[in-house]
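Structure first, commentary second.
Just so you know, all these numbers are worked out from the coordinates, no wet-lab data involved. These figures come from a predicted structure and were not determined experimentally. Heads up, the Cβs are rebuilt from the backbone with ideal geometry, glycines too, and the neighbour counts pull from every protein chain shown.
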Amino acid sequence: MKNPTKWAVPLVFVAAAALLPLAGKALPAIAGDYPLSLARSVFTYMALAVSWDMLLRSGQVSFGIAGFYGIGVYAAALSVLRAGFSPLASILFAGIIAGFIAFLLGFVILRLRAIYFSITTLALGEIFRIILHNGGEFTGGAEGVIIPRIISNNSAVLYWLSLAGVLIAIGMSAWFERSKIRFALTAIRNNELAAKSSGIGIFKYMMIAFVATSFIQGIIGGIQLQGYGVASPSDSFSGDYTLLPLAMALLGGIHSTSGPIIGAILLGVASEFLKLKIPYGHLIVYGFIIVLVILLMPQGLYGLWRNKARARRVSRIDSGQASADAAARAGASKEQPRA
């Protein structure tokens, strides 16, 4: 591994998340159902933020997070109610359905670029919501459906399930970063024409990113269903599931796995406070955060730290080179014969 510190944030997060339920036994302040419920909420948005960033590495900005997340919620609920799936099987089914729909739609919308792609993905979420809203008895209509069987009502069990979901997202993101997919997506983002001239399959890698991220979002929707047992058009396709992950990724730092993790932890905790103080206006705050980060800190917190660390390394190298040159000059002057 060329840069071990690159994976410090994901590793520290995984270790801290694994120890949180155990720490609750020693620290009463973080014990109980509420801290675990808050952590589950952070995990949900973190996984969505990481998945959004994975597609962003190709240069395409998607606003369809809530759409595929909602598809996952409904796919899991209807598979339990109409097909008798077990709760765990319904979660996997949710990811497969979301990925399959993304695969079919990808043949059309992946031909679009820039704002046209963004607007289309935003419209997809609304189209999905309207279809399920008008699905009649099969989808439950406007009221949605309630599933009688969930994995557990135990907050600790749901916590570990949510942690498994975010680990899937982090693992796939890390695989993207370590494989040739990273170089292909970066080349497409920097100059699509040059990437195509170099023999990179533009459509192939865009499809991989689009299907993989949609699969993750569907999985997270299926997992989230287990916590509430209800699937409704208004809640499952809420704008929170698009705007908040975007704000988290932008705040933490895009084009990385660590950035969305940092942003999710900071904004995830802050969002609970905002919902209590301004329950009907917290989305406006997220919008302000997105605008301010884009204007003042386009690379996010992790990007700033990475740039400063790189500058310090360059400075040490330059100072070391300068010291070596000075020592060489001093040695040369001593070796010169006296007149």
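By per-residue mean of other Cβ atoms within 10 Å, what is the highest-first order of 35-44, 220-229, 11-20?
220-229, 35-44, 11-20
On a full-extension model of 0.36 nm per residue, what is the gain between Val269 and Arg178, subtracting their alpha-carbon distance, rounded to one decimal in nm?
Fully extending the segment from Val269 to Arg178 adds 29.8 nm.
Where the centroid of each part is defined by its Cα atoms, how far is region 223-252 from region 145-159 in Å?
Comparing the Cα centres of region 223-252 and region 145-159, I get a distance of 17 Å.
Using a Förster radius of 45 Å, what is the FRET efficiency between Ile284 and Ser198 based on their Cβ-Cβ separation? Nearest 0.05, please.
Approximately 0.55, to the nearest 0.05.
Would you mind checking which residues have amide H under 5 Å from Phe85's amide H? H placed 1.01 Å from N; only 5 or more apart, or other chain.
Val80
Express in nm, to one decimal, how much length is gained between Asn153 and Leu296 on full extension, taking 0.36 nm for each residue of separation and deducting their alpha carbon distance.
47.1 nm
Report the gain in length on full extension from Met207 to Phe107: 0.36 nm times residue separation, minus Cα-Cα distance, nm rounded to one decimal.
35.2 nm
Tell me, what HN-Hα J-couplings in whole Hz come from the Karplus equation 6.51 cos²θ - 1.76 cosθ + 1.60 at θ = phi - 60° for each residue of region 265-277, using x for Gly and Pro?
Each residue's phi maps through the Karplus curve to give 5, 5, 6, x, 6, 5, 5, 5, 5, 5, 5, 6, 7 Hz.
For region 12-153, just say rounded, prolate or oblate: build the C-alpha gyration tensor, square-root its eigenvalues into a ≥ b ≥ c, call rounded for a/c under 1.5, and beyond that prolate if a/b exceeds b/c, oblate if not.
Here region 12-153 falls in the oblate category.
Please report, in debye to the nearest 20, how large the charge dipole of the chain is about its Cα centre when each Lys and Arg carries +1 at its beta carbon and each Asp and Glu carries -1 there.
My answer is approximately 1460 debye.
Could you count how many Lys pairs in the chain have their Cα atoms under 29 Å apart, skipping same-chain pairs fewer than 8 positions apart?
12
Could you sort the peptides 299-306, 242-249 by per-residue average Cβ neighbour count (10 Å cutoff), highest mean leading?
So the peptides 299-306, 242-249, ranked by packing, come out 242-249, 299-306.
Per residue Cα convex hull volume for the chain, in cubic angstrom?
In the chain, the Cα convex hull volume per residue is 190 Å³.
Quick one, can you get me the convex hull of the C-alpha atoms of region 199-316 expressed as volume per residue in Å³?
Spelled out: Cα convex hull of region 199-316, divided by residues, is 158 Å³.
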